[in-house]
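The values are calculated or read from the model by the stated rules, or taken from the named source; none is laboratory data. Remember, predicted model here, so these are calculated numbers, not experimental data. Note: ideal-geometry Cβ built from the backbone for every residue, glycine included; neighbour counts use all protein chains shown.
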């Protein structure tokens, strides 16, 4: 499933790492800045995003989304 950006700043898709990358691009935030916001080092962010192509942990996605100023919403289809 492709990543879809909706009009009101919502993103949807099945690849959490790709969604985080799209948000980072939209918000003009690099890995170093995201790491600073999360209180970790850039290498940790890089690993989370790169490993996320296989399966990112929910708590990692949540922390990244929070640091980027987003929230995670689950909605029934």
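Details
Condition check ((1) surrounded by 16 or more Cβ atoms within 10 Å (Cβ to Cβ); (2) modelled with pLDDT under 90; (3) over 12 Å from the mean Cα position of the chain (by Cα)) across all residues:
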{"site": "30", "(1), (2), (3)": "no, no, no"}
{"site": "54", "(1), (2), (3)": "no, yes, yes"}
{"site": "57", "(1), (2), (3)": "no, yes, no"}
{"site": "68", "(1), (2), (3)": "yes, no, no"}
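- Considered as a group, the residues in the range 2-28 that are touching a strand residue (DSSP E or B) at 6+ places or on another chain (Cβ under 7 Å) and assigned to a helix (DSSP H, G or I) include one that is surrounded by the fewest Cβ atoms within 10 Å (Cβ to Cβ), and that residue is 22.
- For the range 11-35, filtering for residues that are free of Cβ contacts under 8 Å to residues at least 12 places away in the same chain and either under 27 Å from residue 75 (Cα atoms) or out of contact with any helix residue (DSSP H, G or I) (no Cβ under 6 Å at 6 or more places or on another chain) (or both) leaves 5.
- Failed criterion for residue 71 (all others in (1) touching a helix residue (DSSP H, G or I) at 6+ places or on another chain (Cβ under 7 Å); (2) over 19 Å from residue 2 (Cβ atoms); (3) part of a helix (DSSP H, G or I) hold): (3)
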